[in-house]
Structures are given as structure tokens and as C-alpha cells.
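Okay, structure first, notes after.
Since every read-out is calculated from the coordinates, none of them should be taken as a lab result. Because the structure is predicted, anything quoted here is derived from the model rather than measured. Positions of Cβ are backbone-derived with ideal geometry, glycine not excepted, and every protein chain shown enters the neighbour counts.
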Amino acid sequence: GAVVSQHPSRVICKSGTSVKIECRSLDFQATTMFWYRQFPKQSLMLMATSNEGSKATYEQGVEKDKFLINHASLTLSTLTVTSAHPEDSSFYICSALSRANIQYFGAGTRLSVL
Amino acid sequence: GESVGLHLPTLSVQEGDNSIINCAYSNSASDYFIWYKQESGKGPQFIIDIRSNMDKRQGQRVTVLLNKTVKHLSLQIAATQPGDSAVYFCAENMVPAGGTSYGKLTFGQGTILTVHP
């Protein structure tokens, strides 16, 4: 099956710093990737749709200046949490859309902001 | 707004039994549905999908049933094993009229499946 790699798996940072999370599709090209946020014992909440070569589309209520998304190639999308604060602590998950329109997910990144 | 929801938040079964996880959806325009399995601390893993022109699809030990009349989706797991313990999410995709699906999914709340040896 399709493999999506997400890095890092866990990051701890100080309040006010920025954190970059990478999402790579390893064996297929993905013009579209998605970024989700998940709180404990809750479902996945879509944050934004990342489109290769164009601006990301953000869901209502998601601050685009805080969650910067870059999709510079067909296999890589990055999410940068800028000026992170403790309330940004969460589990962030990316997915890549295959040609068959199936989303394959990365393993997630646990962000803890101190 | 439209949403996908699950009837049961938790399900406990004995090893070897069959499991049935249910999902109700409200968007009649949805044409594609997927079941994902998520283990603790990991990303969702694709299990099986079904399009709206089908009412049943089988995989290895799993079967998905779609009832469009009552907007109901179910995942059946045969001979459930301890390794099947996880959270299961249904997700739906809606194709805009006359348009192309861009793959955006709406996820249900999830069902926690616990398999006892």
C-alpha cells in the first residue's frame, strides 16, 4: 500500500518558538495533502488542504498565519506552527491523496508546547 | 451542518467473535465512504472503502455494508483478534454536482473496539 512518512513523531518546544512538521508520500505523487489535528479521544479535525504549487485552503476557524503550509513538491508538504503556545499542543496528522482518491495517513506528530 | 456519526462509542467483544461497527451519515450527496483503523498514538490506517453504487464490499476478514435508504454504513470484522483493538472511524466524501472529487473527507466520531482474549 501507499506509504506516507511524517516527521518528527514527537516534538517538545518552548512557548513562542516555531515548529515544522514534514509529510512525505514515499511511493506515490500527491498533488493534494491534508493536515488534521486530533485531541485525545476525539475524531480528526481537518485544518487545511495543501495543494502542490498553490496556496493551501484552510478550514473555517483555522488561522493561516499561525499554521503555515507549504507544498513545494509532489511528495512533500510541511506544516509550520508559528509562535507555538501551550494551547497548540495536540496530535497533528497529515495525509496524502492517491490517484485513486484514497487518503493515506502519516503516523502523526505529538506536539507538546511548554 | 452535515456530519457523520456513530451509534456506539465503545464496543467490547471476545476474541473469535464477529464485530459490527455502525455509522450513520447525514449527507445524502456523499458518494464514497471509507473505514479507517487508528491504534493508539498512530495515524489512521485504511481498511476498506465503498462507493455509493455498491451496497456491499468484502476484504480480508472485513465487510462494509452501505444502506443508502437509511444512510447507514457498517463495518463487520470476522473472527475478531486482539490486534483488531483500536478506534475505528468512518469517513465520507462528497462529490460536488458536475464536479470532481478533491478527496476531502468528513470523519465520524469514532468507535473504540476492545477485543478480550
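Take every residue in peptide A:35-43, count the Cβ atoms of other chains within 10 Å of its Cβ, and give the average of those counts. Don't skip to the answer; put the middle values down first.
Values: counts 0, 4, 0, 5, 0, 0, 5, 4, 12.
Mean inter-chain Cβ contacts per residue within 10 Å come to 3.
What number comes out for the charge environment of A:Ile12, summing +1 per Lys or Arg and -1 per Asp or Glu over other residues with Cβ under 15 Å away?
Counting the neighbours of A:Ile12, the net charge comes to +3.
What does the structure give for B:36-48 when I average, per residue, the other chain Cβ atoms found within 10 Å of the residue Cβ? Walk me through the intermediate numbers first.
On the way: counts 4, 0, 6, 1, 0, 6, 7, 15, 11, 4, 8, 0, 0.
Across B:36-48, the average partner-chain Cβ count within 10 Å equals 5.
For A:Ile12, B:Ile77, B:Ile48, what ranking results if the residue with the fewest other Cβ atoms within 10 Å of its Cβ goes first? Could the numbers behind the result be given before it?
Working: A:Ile12 11, B:Ile77 23, B:Ile48 17.
Final ranking by Cβ density, sparse to dense: A:Ile12, B:Ile48, B:Ile77.
If you line up the Cα atoms of chain B on their principal axes, what length do they span on each, largest first, in Å?
49, 28, 22
Please state the relative contact order of chain B as a whole percent: Cα pairs under 8 Å, 6+ residues apart? Display every interim value, and only then the final one.
Numbers: 289 pairs, mean separation 42.6, N = 117.
This gives 36 percent for chain B.
Output needed for the protein assembly as shown: three equivalent-ellipsoid semi-axes, defined as square roots of 5 times the C-alpha gyration tensor eigenvalues, in descending order, whole Å.
Values: eigenvalues 175, 90, 50 Å².
Working from the Cα gyration tensor, I get semi-axes of 30, 21, 16 Å.
How far is it, in nm, from the label point at B:His116 to the one at A:Leu68 when both lie 7 Å from their Cα along the line to the Cβ?
My value for the distance between the label points is 5.2 nm.
Given A:Lys55/B:Lys42; A:Lys14/B:Lys37; A:Lys66/B:Lys68; A:Lys20/B:Lys104; B:Lys71/B:Lys104; A:Lys55/B:Lys68, which pairs have Cα atoms separated by over 30 Å?
Values: A:Lys55/B:Lys42 28 Å; A:Lys14/B:Lys37 32 Å; A:Lys66/B:Lys68 40 Å; A:Lys20/B:Lys104 23 Å; B:Lys71/B:Lys104 19 Å; A:Lys55/B:Lys68 36 Å.
A:Lys14/B:Lys37; A:Lys66/B:Lys68; A:Lys55/B:Lys68, as the Cα separations exceed 30 Å there.
What Cys residues in chain A are without a partner cysteine, judged by a Cβ distance under 4.7 Å?
Cysteines lacking a close Cβ partner in chain A: A:Cys13.
For chain A, go through all pairs of different Cα atoms, get the mean of 1/r, take its inverse, and jot down that Kirkwood value in Å. It would help to have the intermediate numbers written out before the result.
Numbers: mean 1/r = 0.0719 Å⁻¹.
In chain A this quantity evaluates to 13.9 Å.
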